[in-house]
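We did not get these values from a lab; they are worked out from the coordinates using the rules stated. Here the structure is a predicted model, which is why all the values come from computation and not from measurement. Note that each Cβ is placed from the backbone with ideal geometry, even for glycine, and that neighbours are counted across all protein chains shown.
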Amino acid sequence: MLLQICEPGTTPTPHETDDNIAVGIDLGTTHTVASIMMNGRPVVLRWGHQSLIPSAVRLFENGDVAVGEDALKPNDGKLVLSIKRSMTNSTAPEATFTVGHVKWSAVTITAQILKFVKNEIESVLGRAIHQAVITVPAYFDDAARTATKQAAQIAGIHVLRLLNEPTAAAVAYGMNMHSQNAFAIYDLGGGTFDVSILKPSEGVLRVLSTAGDTQLGGDDFDKALIKLIEHKHNTTLPSTPQVKLWARDLKQQLTHKKTIPYEIDLNDTKIHGDLSVEEFDAAIKPLVDKTLTIVDQAMRDTKLTKDQLDSVILVGGSTRVPAIIKAVEAHFSKSPLSYLNPDEVVAMGAGIQAGALTHGANTVLLDVIPISLGLETMGGIVEKIIHRNTSIPTTQSQTFTTFVDGQTALTIHVVQGEREMVNDCRSLAKFTLRNIPPKPAGTAKITVTFQVDADGLLTVTAEEETTSTKQSVEVNPTFGLNEEEMIAHLESAMKHAQSDMRKRLLEEAKVESKRLIQALEKALSLDSCLLDAATLSQLQNATADLKTSLDTQDIDTIKPLCENLERLSHSFAEKRIAHAIRQS
Amino acid sequence: MAAVNLSMSNQSKAATRIICWNCQEIVCQFGNCSSCHKLLPQPQEIDPFTLLGVEPSIDVDFETLEKNYLKLIHQFHPDQFITKSQTEKTIAQSYSAQINNAYKALKCPFSSSKLLFSMVFGQALDDIPDPAPVLLEIFELNEKRMYLTSIIQAQNFVHEIETKIDTAVGEYDAAITQKDQLKAAHFLKTFLYLFKLHQDVQQNLLNPSFDQAT
Ligand SMILES: [Zn+2]
C-alpha cells in the first residue's frame, strides 16, 4: 500500500528529534484519519487520493490480522467493523472474540488499528512516531477513555492528550475564526453523536457544555435502511458485515440522488427495487429527532439561547445526509457551516493540537467532563461528586462516615451517570478502604477525593482522617484490561516498545536523581551549618549511594535510593526555611 | 506577561517563601521560580477571591472574574506543561484544578456569598438555623406566588423581589462591616431565597405554559 502526503518529499520540520514530533489521530467508528503540522498548517495524510483508513479488522485463524482496505477484501477469517462502539463496554461478550487460539477484545482490536495506522504514518514520514493526540467522542465515559489509552499504549503510542472530537473540530475551524461569541459543533460520526457549545476568549477556547450519545451514528442510519428494505419485501436480511457495507453504500448514494435502484442476492432469491430519499428520511426521522433533543440539553446547560450562537458547524461523515442538514438548519434557524471536509476536520484539529502541545500554543483548550461522577450511598442512591460540564482538570472532595458501630471497612463504589439510582448509572470501580479504627457509627471521617485530569480521566482516593489510611484507585481497571493483561499484551505485541518504555523510565529516573544530587549539594554548600554531624553524614552517604547507583543503569536500584534521598532532604529543607524566616 | 503581573499583585500578600524543589533557592511561592523558572507548587489555602483577584463581595464583579480566570487558566493549564518535568505536570494539574474550582465557586452567587460568610465569620452559613423572620417572609412570598394569574402580575412580582434583593444586599453588606454575624446570616439567607425565587419566576415567564394559565 502506497502512502502519500499532499506535498511529496516534504518531511515535517526537518532536524527535529522524535520527541518533538507528534501526530493527530481521529480514531473513528468507520474510518481513521491522521494529520500532522507542516509549516504551520495541518496536513491530512493520504493514501493515493484517500485519507480515510477503514477502521476494519480481519482476524484469521492462524492469529494473523489484516487492517484497513485489506480487511474489507472478501476473505476468510472474521471481519470486525465499528469496534469503537464496543469501547464503552470493552469487556462485554459482544466485544470479545476468540478466533483460532487468540482471544480478542475491543482494546486489543483497536490496538491493531492504531498499530497499522502508526506504521503507515511512519512509512510516509520516513521516521518513527511515538506520540499522538488521539480523539475520542466527547460523550465517552471514563471506561472508554481508559480503554482508548490502553489500546494506544499496546500499539506503542504515547498519548499526549485525549482530545474530544467536537473540540478538535472547533480547533480546526478556530484557526479561521476571530469571533468572541459562542458557537455549536454538531458532530455525527459513524457510531457516535456529540454536540458541544464553545466560546473563545482571552486565548482560551472554552467548552461551555457537551452532550451526546455513544450509541447513535451513521451505523444506525444503515440499520434503519436495512429495516426499511426488509419491511418493503417482508423478509429478513442476514446481519453480516457485507449487508452492512451494502446498506452504507446505498445511504451514500442517497446523499446526491432522489431515487436509487437496489438489489441484493439472498441464498435462494434476489430482491430488488427502488428506494427514494423521502422513504429514507422518514426511516431515520426518530434518530434525527433524538440528536436534536440532545442539542437542546447541551444548550440548556449553557443558559444561552440559540440566537446568541454565532454559528453551527457540522462535523462527521454522517452530516452529509441532506435530512440532517435540513433538520439542523431548521432547529437553529441558521444555515450550518461545513466548509472543512467533515471526515477530516477532527483529525486536522488533533494534528494542530499535537503541534501546539509539543511546540507551544497561543490558545489553550478548556474542556469539560461530559457525564457526572458520583458515589453510591445508603440505599443505592448516587451522591454526585463532580457534575457534568464541570471544567477540567478539577478536584472535589466529600466526607463520608461509617454506618455501623465499630465498622472498620468501607466500600467505595464509583459510578458515572445522571440518574439518581446506582443501578441506572455506569459502575466504574469498587474498592474497599480497610483499617478504619473502630469507632461509634457516624464518628469516623472518610474523605473521598475525585480528581479528573485534562484527558477527562478520573482518579479516586479515599482517606480516613485519624489514621491517614490512604487508598487510591485509578479508575477504571475493571473495565479495560487489568495490569497483568496489559503487561502480557505489551510483551507479545511490542517487545521493542516496552524496552523503549523502560529505557525512558530509566532516563527519567537518572535525570531526576542528578537534579536532586545537584540541588542538595548546592543547599549543603550554603547551609550545612544547620545540620548536626549525624544528619549531615546520613545525607552525604545517601547522596553517595545514589551517585554510585546511576552507573548500574538499573531503574529498580536507582528509584528507591532517589526516593530515600528525597525524603531525607525534606527535613533539611524545612530547617532552611525556618532559618531564612528567622534571618529576615 | 500581563497575567504574571496581575497575579503577582493579587497574591504577593498571600505568597509565602519556600525552597524551590528544583534549584533549592528560597523564593516566593507564586507561579514560576524566580531563579530557575520551573513551576512551583502553589499555596492550597489561598481563598478563591484572592486567587482570582476580585473584591470579596456578595456582588462579584463578573467581568474581572472572567478575565482573571481565563488569564490564569491560560498560564497554568496542563497543556502548557506537556513537555516539562513530571513535577511541573503534577503541579499544573492541581493548580489548574484549584483555579477551575475557585471560578466555579465565585461564578454562582449561592456559593460565593456562602464562601464570603464563612471567611468573615469562620462559620458555615448552613450551620446557622433559619431565623424566624426569614421563614415568615418566605412563606408569604410563596403564597403570593401561588396566586399569580397573569404575566403582568408575575412581572410586578419580579420587580417586588428585585427591590427586596437590593435591600437584602445593602443590609448584608452593612452587617459584614459591623461584623454582626446574626444580622448577616439573616440577610444572606433572605438574599439566597429571593435570588432562587427570582430565577424560578423568570423561568416561568419564559415558559409559554404560563400563557395558558391566564
Ligand atoms: Zn528554582
- Step through the table entries A:K227/A:K270; A:K84/A:K232; A:K73/A:K270, compare each Cα-Cα distance with 26 Å, and write down the pairs that go over it. A:K84/A:K232
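Just to confirm a number: summing +1 for Lys and Arg and -1 for Asp and Glu over residues other than A:Q50 whose beta-carbon lies under 14 angstrom from that of A:Q50, what do you get?
So the environment of A:Q50 carries a net charge of -4.
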- Point-to-point label distance, A:T432-A:R419, nm (Cα→Cβ direction, 7 Å offset): 2.7 nm
- Query: Three principal axis extents, largest first, for the C-alpha atoms of chain B, in Å?
  - Reply: 70, 41, 26
- Note on the structure: Ranked from fewest to most other Cβ atoms within 10 Å of their own Cβ, A:V345, A:V460, A:V204 fall in the order A:V204, A:V460, A:V345
- Message: Full-extension gain between B:A124 and B:E162, please, as 0.36 nm times their residue separation minus the C-alpha to C-alpha distance.
- Response: 11.1 nm
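Hull surface divided by four, with the convex hull built on the Cα atoms of region B:7-119: how many nm²?
6.7 nm²
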- Helical contribution to [θ] at 222 nm, DSSP H n ≥ 4, -39,500 (n - 2.57), averaged over chain B, rounded to 500: -21000 deg cm²/dmol
- Query: What does the charge count near A:T447 come to, summing +1 for each Lys or Arg and -1 for each Asp or Glu among other residues with Cβ under 9 Å from its Cβ?
  - Reply: -2
- Message: Please return the longest range in chain B lying between exposed loop sites, taking trypsin sites (Lys or Arg not before Pro), DSSP loop only, at most 10 other beta-carbon atoms within 10 Å, and leaving the sites out.
- Response: B:14-178
- Query: How much FRET efficiency would the formula 1/(1 + (r/R0)^6) give for B:Q199 and A:T255, where r is the Cβ-Cβ distance and R0 is 45 Å, rounded to 0.05?
  - Reply: 0.50
- Query: Between their Cα atoms, which of A:K149/B:K71; A:K199/B:K164; A:K384/B:K107; A:K149/A:K445; A:K115/A:K514 are more than 26 Å away from each other?
  - Reply: A:K149/B:K71; A:K199/B:K164; A:K149/A:K445; A:K115/A:K514
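Are any of the pairs A:K251/A:K334; A:K522/B:K84; A:K430/A:K510 more than 27 Å apart by Cα-Cα distance, and if so, which?
Values: A:K251/A:K334 25 Å; A:K522/B:K84 23 Å; A:K430/A:K510 36 Å.
Over 27 Å Cα-Cα: A:K430/A:K510.
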- Which order results if B:L115, A:L162 are arranged by neighbouring Cβ count within 10 Å, fewest first? B:L115, A:L162
- Query: Which distance in Å, rounded to a whole number, links the C-alpha centroids of region A:277-318 and region A:531-584?
  - Reply: 60 Å
- Given the convex hull of the Cα atoms of region A:498-583, what is a quarter of its surface area in nm²? 5.7 nm²
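Can you pull out the GluC sites (Glu not before Pro) in region B:31-72 that DSSP calls coil and that have at most 16 other Cβ atoms within 10 Å?
On the way: sites: B:E45, B:E63, B:E66; in loops: B:E45.
For GluC sites (Glu not before Pro) across region B:31-72 that sit outside H, G, I, E and B with at most 16 neighbouring Cβ atoms in 10 Å, the list reads B:E45.
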- Using only the alpha carbon atoms of region B:79-141, find the Kirkwood hydrodynamic radius as the inverse mean reciprocal pair distance, in angstroms to one decimal. 14.9 Å
- Please work out the FRET efficiency for the pair A:N181 and A:K223, using the Cβ-Cβ distance as r and a Förster radius of 51 Å; give the result to the nearest 0.05. 0.85
- Spacing of the two label points (7 Å from each Cα toward its C-beta) at A:E563 and A:E383, in nm: 3.1 nm
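Once you sort the root eigenvalues of the Cα gyration tensor of region A:305-357 as a ≥ b ≥ c, which label holds: rounded (a/c under 1.5), prolate (a/b larger than b/c) or oblate (the other case)? Walk me through the intermediate numbers first.
On the way: a/c = 3.79, a/b = 1.61, b/c = 2.35.
It comes out oblate by the Cα gyration axes.
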- Task: Evaluate peptide A:208-219: per residue, the Cβ atoms of other protein chains within 10 Å of its Cβ; return the mean as an integer.
- Result: 0
- Query: So how strong a dipole does the protein assembly as shown carry about its Cα centre when Lys and Arg Cβ are +1 and Asp and Glu Cβ are -1, to the nearest 20 debye?
  - Reply: 780 debye
- Measure nothing but the geometry: give the 0 to 90° angle between the long axis through the Cα atoms of B:62-76 and the longest principal axis through the Cα atoms of chain B, rounded to 10°. 30 degrees
- Message: Would you calculate the convex hull of the Cα atoms in the protein assembly as shown and tell me its volume per residue in Å³?
- Response: 213 Å³
- Message: As a test of the definition: which semi-axes, in Å, follow for region B:128-204 when you take the square root of five times each eigenvalue of its alpha carbon gyration tensor? Largest first, please.
- Response: 25, 13, 8
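Within 10 Å of each residue's Cβ, count the other Cβ atoms and sort A:S196, A:S372, A:S528, A:S569 from fewest upward. Present the calculation step by step, with values, prior to reporting the outcome.
On the way: A:S196 29, A:S372 19, A:S528 14, A:S569 22.
Ascending Cβ contact count within 10 Å gives the list A:S528, A:S372, A:S569, A:S196.
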- The farthest towards the positive end of the charge dipole of chain A, of the residues A:G212, A:Q553, A:T390, given +1 on Cβ of Lys and Arg and -1 on Cβ of Asp and Glu, is A:T390
- Cα centroid separation, region A:152-217 to region B:68-115 (Å): 20 Å
- Calculate for chain A the 222 nm mean residue ellipticity that helices alone would give, adding -39,500 (n - 2.57) per DSSP H run of length 4 or more and normalising by residue count, nearest 500 deg cm²/dmol. -12500 deg cm²/dmol
- Looking at the P(r) of region A:337-466, how many percent of alpha-carbon pairs lie beyond 25 Å? 42 percent
- A:T269 versus A:T408: modelled label distance in nm, points set 7 Å from Cα along the beta carbon direction: 7.2 nm
- Message: Ignoring chymotrypsin sites (Phe, Trp or Tyr not before Pro) that are buried or in helix or strand per DSSP, and keeping those with at most 16 other beta carbon atoms within 10 Å, what is the longest stretch of chain A between them?
- Response: A:61-338
- Under the span-like rule (Cα at least 20 Å along the axis, Kyte-Doolittle mean at least 0.5), DSSP H helices of chain A: A:106-125, A:345-359
